[in-house]
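In what follows, a structure is listed as structure tokens, so that the remarks can point back to it.
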Amino acid sequence: MIPLRSPQDALTPTAVALGSFDGLHQGHQRVIASIAAAPTPGLVPTVVSFWPHPRELLHGEPRLRLDLPNEKLSLLEPFGIRQLVLVPFTRELSCLTPQEFVERVLVGALQCREVAVGENFRFGVNRCGDATALAAIGALHGLKVSVLPMLWDGSERVSSSRIRRALAAGRIAEAGRLLERPYRFSGTVVRGRRLGRTLGWPTANLEVDGRKFLPQEGVYAALAWSHGSGPMAAVMNLGPQPTVDPLAPSAVEVHLLDRQIELEGRELEVQPLALLRSQQRFESLDALKAQIGQDAEQARTLITDSVLAAALASSAGGIGVREAPADEGGDATQQQNP
């Protein structure tokens, strides 16, 4: 796996794809490919991003991510990228002029010789700099700047914001199409109250990083992996438990279909496949138990052998993307994690 580095520890000199790149969707992929597909000899193909999101620091807005930094590492490796550099977004950095940003960060710290951005890239104090400004400033420092056009899908551009909207509406297939890979998340299995066992449907309760963007609450057909296992058919409940405990906080619960494995303390990776139904309250535990049985049967029907084979193939080489970033979506947060 490629390393995650600070600007001070980065391998230099560099060819840089610059942006937030949340989701590494099709539009992002073209930017990364432009510096990694045919790397210039002597330059280290590098993705440079920022942490935390500028809006978190400047406006106090929580920014949930489609990909957390450690998830980006395996996604970037198939491109030929050799390092992911996270630039700490601080008050001091936010006050730099575009000229100062290029001189201190790109030319100074990273010894950048080539940089690629999307045409909607903005930088510098109050986002006053754009791709045109970057090209002009770069020319003064002998910096080759490539500006990649926006990628459109029908009448709407491909963006991180659009993927978030699809996930927030439970449209998993649309999100996967825009990402060009399955949407997945992971968490550590923690001990719950074991209420599922009393209903005959034991679940693994996942503790998911609170910075990860999760899809719409509801019940999903899903696949799950643990410690290098093949894909396992599952039903996932994302959200509260209105019948069992209406006051309990939202949770991620995964029931493996026709499998009994002790998962407590393990890392479980989950790929939602399709939203089966929204959250609802049942009049009795028996009614809830019967509905879970229907959910499981519907999930079995959706999760065919071909689905499992495709999931196994996509996992064999890591969860990769085909080609590569520009914006991370400057939209307001659509959803908070449980």
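The values are calculated or read from the model by the stated rules, or taken from the named source; none is laboratory data. This structure is a prediction, so every number in the text was calculated from the model and none was measured. Methodologically, a virtual Cβ is constructed for each residue, glycine included, from the backbone with ideal geometry; neighbour enumeration extends over all protein chains shown.
Scanning segment 13-41 for residues that are among the polar types (S, T, N, Q), farther than 12 Å from GLU114 by Cα and either over 19 Å from the mean Cα position of the chain (by Cα) or in a helix (DSSP H, G or I) (or both) returns GLN26, GLN29. For segment 141-165, the tally of residues that are of a type in the set (A, V, I, L, M), in contact with a Lys or Arg (Cβ under 9 Å, 6 or more places away or on another chain) and part of a helix (DSSP H, G or I) stands at 0. Taking residues in segment 272-291 that are in the same structural domain as GLN216 (by TED's automatic domain parsing) and at pLDDT below 85, and partners anywhere that are of a type in the set (A, V, I, L, M) and outside any loop (DSSP other than H, G, I, E, B), the pairs with Cβ atoms closer than 8 Å and at least 6 places apart or on different chains are GLN279/VAL219; PHE282/LEU288. With respect to (1) within 20 Å of the chain's Cα centre (by Cα); (2) over 22 Å from ALA221 (Cα atoms); (3) buried (at least 18 other Cβ atoms within 10 Å of the Cβ), the lone exception for ARG157 is condition (3).
Beta carbons closer than 9 Å, at least 6 apart along the sequence or on distinct chains, pair a first residue in segment 119-143 that is more than 22 Å from PHE89 (Cα to Cα) with a second that is at pLDDT 95 or above and basic (Lys, Arg) for GLY142/ARG113; LEU143/ARG113. Each residue in segment 289-316 was checked for being within 10 Å of ALA221 (Cβ to Cβ) and of a type in the set (Val, Ile, Thr), and 3 of them qualify. Scanning segment 1-25 for residues that are closer than 28 Å to MET150 by Cα and among the β-branched types (Val, Ile, Thr), which turns out modelled with the lowest pLDDT? My answer is ILE2.
Looking at segment 42-140, the helices (runs of 4 or more DSSP H) lying wholly inside it that each contain 2 or more residues that are over 22 Å from the mean Cα position of the chain (by Cα) and crowded, with 17+ Cβ neighbours inside 10 Å sit at 98-101, 131-140.
Residue-level check: of (1) under 30 Å from VAL31 (Cβ atoms); (2) at pLDDT 85 or above, SER314 misses just (2). If I ask for residues that are among the polar types (S, T, N, Q) and out of contact with any helix residue (DSSP H, G or I) (no Cβ under 8 Å at 6 or more places or on another chain), which ones from segment 77-98 would you list? Matches in segment 77-98: GLN83 only. Name the single residue, out of those in segment 200-228 being over 21 Å from SER314 (Cβ atoms) and buried (at least 20 other Cβ atoms within 10 Å of the Cβ), that is modelled with the lowest pLDDT. Here the answer is THR203.
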